[in-house]
1. Lys15: which lysines have alpha carbons under 17 Å from its alpha carbon, excluding same-chain residues fewer than 8 sequence positions away?
2. How much length is gained if the chain between Lys42 and Lys5 is pulled fully straight, taking 0.36 nm per residue apart and subtracting their Cα-Cα distance, in nm to one decimal?
3. Given an 8 Å cut-off on Cα distances and at least 6 residues of separation, report the relative contact order of the chain as a percent.
4. Working out 0.36 nm times the residue gap between Asn66 and Thr33, then minus their Cα-Cα distance, what length gain in nm do you get to one decimal?
5. Measure of size requested: the Rg and Dmax of the chain, with Cα atoms as the atom set and Å as the unit; please supply both.
6. What percent does the relative contact order of region 1-42 come to when contacts are Cα pairs within less than 8 Å and at least six residues apart?
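Readers should treat all values here as calculations from the given coordinates under stated rules, not as data from a laboratory. Remember, it's a predicted structure, so these values are computed and weren't measured experimentally.
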Amino acid sequence: MKQRKIPMRTCLVTKEKCEKKDLIRVVRTPQKTIEIDETGRKNGKGAYLKKAKDVILKARDKKLLNHALESEIPESIYEDLLKMVEEDE
């Protein structure tokens, strides 16, 4: 039986290629809202972050998501991301 291809994505902060399931996707929807995409399938422009506290803090401090998604990211998104990472640990 043929093996399925594993989707790989690049972390915005570390520039490391990882499996899609090991990353968190943040998306700017066509309605210009910013959401955390837990399914990985929402419409819109997306950016991926590794599931690590230091990565999320660095993205917030350097405003990397703001630049990648061309939009202002609310602080509540970063808080939700940090909660998700702490639950996984």
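1. Partners within reach: Lys50, Lys51, Lys53, Lys58, Lys62, Lys63.
2. Fully extending the segment from Lys42 to Lys5 adds 11.2 nm.
3. 25 percent.
4. Taking 0.36 nm per residue and subtracting the Cα distance, the gain is 10.6 nm.
5. Using the Cα atoms of the chain, the pair Rg, Dmax is 13.1, 46 Å.
6. Computed over region 1-42, the figure is 24 percent.
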